[in-house]
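One structure is given below, encoded as C-alpha cells.
The values are calculated or read from the model by the stated rules, or taken from the named source; none is laboratory data. Because the structure is predicted, anything quoted here is derived from the model rather than measured. Glycine gets a Cβ as well: all are built from the backbone with ideal geometry, and neighbour counts include every protein chain shown. The protein model used for the area step is the full one, side chains on, heavy atoms only, and it has no ligands, DNA or RNA in it. Shrake-Rupley method; radii C 1.70, N 1.55, O 1.52, S 1.80 Å.
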Amino acid sequence: MNLLSKDAPLETSITKMKKIIDDFGYKIKLSKEKNPVKNSFSINLSFEGANNFIFSNGKGSLLNSCLASAYGEFIERLQTNLYFNDFYLENRKFFKDQKEFDKNEDFLDSELKKYYTMEGLEKNDFLDFNSSNFENIVTLPFINQSSEKTVYFPTSILSNLYASNGLSTGNTKDEAKVQALCEVFERYVKLKVIKEGLSLPEFPKEVLSFFPKINEDIKALENHGYIVKVYDASLGGLYPVTAIAFINPKNNTLFLSFGSHPILEASIERTLTELLQGREIDELDSFERPSFDLEEIGSNSNLESHFVDSNAKVGLQFLNKNKSFDYTSWKFNIENSTEQFIFLKDILDKENKTIYLREYDYLGFYSCHMIVPNFSEIYPLEDMIYNNKNQGKLIRDFILNKDKYDLEELLDELNGFDDSVNIGPFIGVIFKKDFSLFEFKADILIKLEEYEEAIFYLEQSNKPFNYILAQVLRAYQEDLDLEDHIEGLCDVFGEENIQRALNIIEGKESLINLEFADAYKNILKLFDSKKEKR
C-alpha cells in the first residue's frame with residue numbers, strides 16, 4: 001500500500017529494511033503495538049542486549065506504516081551513528097570520512113564562524129565527546145546546498161545543538177530530504193509558539209471534514225471526555241506545520257502536538273499520531289498543567305523536555321481567543337517528493353537560511369542529516385559553554401583508571417563538577433552498578449580515612465547501603481567499640497550489609513564497581529559490526 005507521503009509501498013519498505021537488519025544478524029524486539037483509536041498505531045523496536053539504550057519508536061495511521069516508521073528510525077539512527085553519540089568509543093573513528101583539525105588551527109570554516117562564535121566560547125568547547133583526544137577537533141563533511149561547497153562541522157556542534165533534528169531515512173533521496181526539512185520546520189514552529197506564548201488559529205470544520213479518518217479519531221477522543229482542537233501552525237502561511245491541542249478537563253492538563261508535511265492530511269495525521277504515540281486511550285492522564293508563567297514555559301529545561309518526550313508545560317496564552325496570526329488556507333499541497341523538496345528549500349532560501357546536507361547509504365537504505373544554522377537548533381549556542389556534553393570527557397580517565405592516580409590528586413581533579421551526576425552517562429559508559437560522583441568521592445575519602453567528609457557525601461545519596469555505610473563510619477569516627485554494637489547493627493541492617501561496610505572501611509573491597517554492563521559491551525559490538533561499511 002502506498003501512503004500519500006511515501007515513494008514506495010509500505011510492504012516493500014518494510015521488507016527491505018528488515019532484510020538489512022537480518023543480514024547483520026541483529027536481534028531486535030518489537031513491543032506490542034498500541035492502538036488507542038482506530039487510525040493511530042505506535043510501536044517500540046529495540047536492539048536485544050541494549051534494549052533501554054538502542055531503540056526506535058514508530059507511529060502511523062496503519063499498523064504497517066507504524067512498523068515502517070520504527071524500522072526507518074532504527075536504520076536512520078544506526079547509519080548516522082546517532083545511537084552512539086552519548087558513548088565513549090575508545091580507539092574508534094566515528095566515520096571514515098571524518099577530518100581532524102589541530103585545535104590551535106583555524107578549524108571553523110569562515111561561513112560557519114558567523115553562526116558559532118560568541119564571547120566565552122573556547123577551542124576546548126569544540127572537542128568531541130566520544131574519544132580520548134584532547135588535541136584535535138573531530139569534524140564531519142556537509143555540503144552547502146546553495147554553493148555545493150564542502151564544509152566541516154565539529155561533531156561537538158552537532159551533538160550539543162542539533163541532536164536528532166534534521167535526521168531522516170526514506171525510500172528515495174527526496175522523500176528523506178522532505179521528511180528532514182519537515183521535522184526542522186515542525187520543531188522550529190513548536191519552540192517558537194511555546195516559548196513566545198503564541199495563539200494559533202483553528203482550522204475551519206469544513207476543511208477538516210475532508211479527512212474522515214482524522215475526524216473519526218478525534219471524535220473517539222472527544223467521546224472519552226477530552227477536548228481536541230486542530231490548529232493552523234503555518235505562522236501566517238510561512239511553514240507547512242499543523243498543531244493539535246489536547247485538553248483533559250478531568251485533571252486540568254494541556255498538551256500540544258505538532259506535525260509537518262506539505263500535504264495537509266499527512267501533516268494533521270502526523271500531528272495526531274505524535275500526540276498518541278506510545279499511549280493507549282486510558283494513558284492520556286500524565287500531561288502537564290498549563291501556566292501563564294512564560295518565564296518558566298520558556299526556560300531551557302522546559303523546552304528541552306518538549307524535545308525529549310514532548311511532555312512539558314505550555315502557556316495558557318495558547319488558548320487566547322485573540323490569535324497571533326490570521327487563519328491561512330493551506331498552500332503547500334504538492335504530492336511529488338522532488339517538487340516538495342524544491343518548494344520547502346525555497347521557503348528557507350527566501351529567509352536567507354542555508355541548508356547543509358550530509359548523506360548516508362552504506363547500509364543499503366538512504367539517510368540524510370540536514371543542518372540549518374540559526375533555524376534548526378534545538379539547544380542554544382550557550383550550551384556549548386555552560387552545558388557542554390564533552391564535560392564528562394574531562395574526568396573520564398580519572399574514573400576509569402583511578403588506581404593509577406594519587407588519591408589526593410583525584411579529589412583535586414574532580415572539584416568543580418556536579419557531585420550528584422550519574423557518572424556512567426556523564427562519561428559515556430554503562431556500569432553494572434550506577435554510582436554518582438558523591439559516591440566516587442566518598443570511596444576515595446574512606447581510603448584516606450577522612451570519615452567525616454565521606455559521611456557527608458554518602459548521606460547525599462538515597463541508596464540504602466550508603467546510609468548503612470555512613471552509620472558504621474560514624475561508629476569508627478566516634479571511636480566506639482564495634483564489638484559492643486555489631487549484633488545490633490546486624491539485626492537492624494543485615495549481616496551481609498554490615499560485613500560489606502566493614503570490608504570497604506578496611507580496604508578489602510571498594511564502594512565503587514567499575515565493571516562495564518553487558519549493554520555497553522553490546523553497544524560497542526554493534527558499532528564495530530558496521531566498521532567495514534562505515
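For segment 10-81, a crude dipole built from +1 on the beta carbon of Lys and Arg and -1 on the beta carbon of Asp and Glu, taken about the Cα centre, is about 200 debye to the nearest 20. Considering only Cα-Cα distances, which of the following residue pairs are longer than 32 Å: 195/530; 402/521; 16/96; 114/195; 177/389? In this structure, 195/530 exceed 32 Å between Cα atoms. What does the charge count around residue 251 come to, taking other residues whose C-beta lies under 9 Å from its C-beta (Lys +1, Arg +1, Asp -1, Glu -1)? Around residue 251, the charge tally is +1. Sequentially through segment 498-515, phi angles give Karplus couplings (6.51, -1.76, 1.60; θ = phi - 60°) of 5, 5, 5, 4, 5, 4, 5, 5, 7, x, 7, 8, 10, 5, 9, 10, 8, 6 Hz, Gly and Pro residues having no value and appearing as x.
Amide H contacts of residue 28 (H built 1.01 Å from N, in plane; Pro and chain starts excluded): 48 sit under 5 Å, all sequence-distant by 5 or more or on other chains. When all protein chains stay in place and ligands, DNA and RNA are ignored, the 1.4 Å accessible-area order of 239, 451, largest first, is 451, 239.
Hey, what did segment 10-81 get for relative contact order, percent, Cα under 8 Å, at least 6 apart? Intermediate values should be presented prior to the final figure.
Working: 109 pairs, mean separation 19.9, N = 72.
So the answer I get is 28 percent.
So if I place +1 on the C-beta of Lys and Arg and -1 on the C-beta of Asp and Glu, and nothing else carries charge, what would the dipole magnitude of the chain be about its Cα centre? I want it in debye, nearest 20.
Computed charge dipole of the chain: roughly 3020 debye.
Under a 5 Å amide H cut-off, with hydrogens placed 1.01 Å from N, residue 334 pairs with 263 among residues at least 5 apart or on other chains.
Applied to segment 348-363, the Karplus parametrisation 6.51 cos²θ - 1.76 cosθ + 1.60 on θ = phi - 60° returns per-residue 3J(HN,Hα) values of 6, 4, 5, 9, 6, 9, 9, 9, 10, 10, 10, 10, 9, 8, 5, 8 Hz, with x for Gly and Pro.
Structural descriptor for the chain: relative contact order 16 percent, calculated from alpha carbon pairs under 8 angstrom and at least 6 residues apart. Taking the longest Cα principal axis of the chain as reference, the axis of helix 518-529 is set at about 50 degrees.
Modelled spin labels at residue 387 and residue 222, positioned 7 Å past Cα toward Cβ, are 3.8 nm from each other. Note on segment 15-88 and segment 239-298: Cα centroid distance 23 Å, given to the nearest whole angstrom. What the phi angles of segment 130-135 give under the Karplus curve with 6.51, -1.76 and 1.60, with θ = phi - 60°, is a coupling list of 6, 9, 9, 7, 10, 10 Hz, glycine and proline written as x.
Which FRET efficiency value, to the nearest 0.05, do you get for residue 252 and residue 335 by plugging their Cβ-Cβ distance into 1/(1 + (r/R0)^6) with R0 = 45 Å? That pair, residue 252 with residue 335, gives E of 0.65.
Determine, for each peptide in 302-309, 289-296, the mean count of other beta carbons within 10 angstrom over its residues, then list the peptides with the highest first. Walk me through the intermediate numbers first.
On the way: 302-309: 15.8, 289-296: 13.5.
Going by the mean number of other Cβ atoms within 10 Å, highest first, we get 302-309, 289-296.
In this structure, residue 144 and residue 499 have a Cβ-Cβ separation that, at R0 = 51 Å, corresponds to a calculated FRET efficiency of about 0.20.
Along its three principal directions, the equivalent ellipsoid of the chain from the Cα gyration tensor extends over semi-axes of 45, 29, 23 Å, largest first. Note on segment 255-301: Rg/Rh from Cα positions, Kirkwood definition for Rh, rounded to two decimals, is 1.08. Relative to the longest principal axis of the Cα atoms of the chain, the long axis of helix 264-276 makes an angle of roughly 30 degrees.
Expressed as a fraction of 2.2 N^0.38 Å, the C-alpha radius of gyration for segment 10-81 is 1.06.
Please give the calculated 222 nm ellipticity per residue for the chain, where each DSSP H segment of at least 4 residues contributes -39500 (n - 2.57) and the sum is spread over every residue; nearest 500 deg cm²/dmol? Display every interim value, and only then the final one.
Values: 20 runs with 210 residues, N = 534.
Helices in the chain give a 222 nm mean residue ellipticity of -11500 deg cm²/dmol.
Which angle from 0 to 90°, rounded to the nearest 10, does the C-alpha axis of helix 173-196 make with the longest principal axis of the chain? It works out to around 70 degrees.
With 21 Å as the limit, write out which pairs from 149/345; 441/508; 38/331; 432/463; 313/433 have Cα-Cα distances beyond it, or answer none. It would help to have the intermediate numbers written out before the result.
Values: 149/345 17 Å; 441/508 17 Å; 38/331 29 Å; 432/463 15 Å; 313/433 33 Å.
Too far apart for the 21 Å limit: 38/331; 313/433.
Distance between the pseudo-spin-label points of residue 281 and residue 350 (7 Å out from Cα toward the beta carbon): 4.2 nm. A straight line joining the Cα centroids of segment 120-144 and segment 365-429 runs 13 Å. Subtracting the Cα-Cα distance of residue 434 and residue 406 from their residue separation scaled by 0.36 nm leaves 7.8 nm. Electrostatic bookkeeping for residue 86 treats Lys and Arg as +1 and Asp and Glu as -1; over the other residues with beta carbon under 14 Å from its beta carbon, the sum is +3. Rounded to the nearest 10 Å², what accessible area does residue 118 show when all protein chains are kept and the probe is 1.4 Å? Here the residue's solvent-accessible area equals roughly 60 Å².
Whose amide H sits under 5 Å from the amide H of residue 167, counting only residues 5 or more places off or on another chain, with H placed in the peptide plane? Here 370 satisfy the definition.
One quarter of the surface of the convex hull around the alpha-carbon atoms of segment 138-190 equals 4.3 nm², the direction-averaged projected area. Hey, how many Å between the Cα centroid of segment 437-486 and the Cα centroid of segment 151-177? If you average the Cα positions of each part, the centres end up 48 Å apart.
Translational diffusion of segment 398-534 was estimated from the Stokes-Einstein equation, with Rh taken as the Kirkwood radius over Cα pairs; at 20 °C and 1.002 mPa s the coefficient is 130 µm²/s. In this structure, residue 319 and residue 213 have a Cβ-Cβ separation that, at R0 = 35 Å, corresponds to a calculated FRET efficiency of about 0.85.
Extension gain for the segment residue 23 to residue 528, taken as residue separation times 0.36 nm less the Cα-Cα distance, is 180.3 nm to one decimal. Placing a label point 7 Å from the Cα of residue 292 along the Cα-to-Cβ direction, the residues of segment 306-328 with a backbone N closer than 19 Å are 313-324. With a cut-off of 10 Å between beta carbons, the residues surrounding residue 423 carry a summed charge of -1, where Lys and Arg count +1 and Asp and Glu -1.
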